[in-house]
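Reviewing the structure listed below.
Please treat every number below as a calculation from the coordinates, not as lab data. For clarity, every value in this text was computed on a predicted model and none was experimentally measured. So basically every Cβ, Gly included, is an ideal-geometry build from the backbone, and we count neighbours across all protein chains shown.
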Amino acid sequence: MSLFSKLFGGKSRSEDAPRPAAKSEVYGKGFRIFPEPQKAESGYRIAARIEKDFDGETREHVMIRADTIASEDEARLASLRKAQIFIDQMGDGIFD
């Protein structure tokens, strides 16, 4: 990455490369959790996409937390756990 790219927010080639699709985990009564940690300055931000089908229509909620974790694999596990807790607390209300 050149000096000007660094100064003006350019991305390196590794950041431009497509990432593999997240594997989903079925949880509770039909919820699908896709752990998708986001790269942050201090590691990876906890984030996940939660989906559920209602009468043939798929509804989606994106959960992003302020927490960051150094390892991407650990952030993926933490994202899954946080999404499970969120589902336990909110149930179908996530999509309201």
Enclosed volume per residue, in Å³, of the convex hull spanned by Cα atoms of the range 22-95: 78
Part-to-part distance (alpha-carbon centres) for the range 67-96 and the range 28-48, which is given in Å: 6
Residue exposure sequence - ARG59, ARG49 - by fewest surrounding Cβ within 10 Å: ARG59, ARG49
Per-residue Cβ neighbour rank within 10 angstrom, fewest leading, MET63, MET90: MET90, MET63
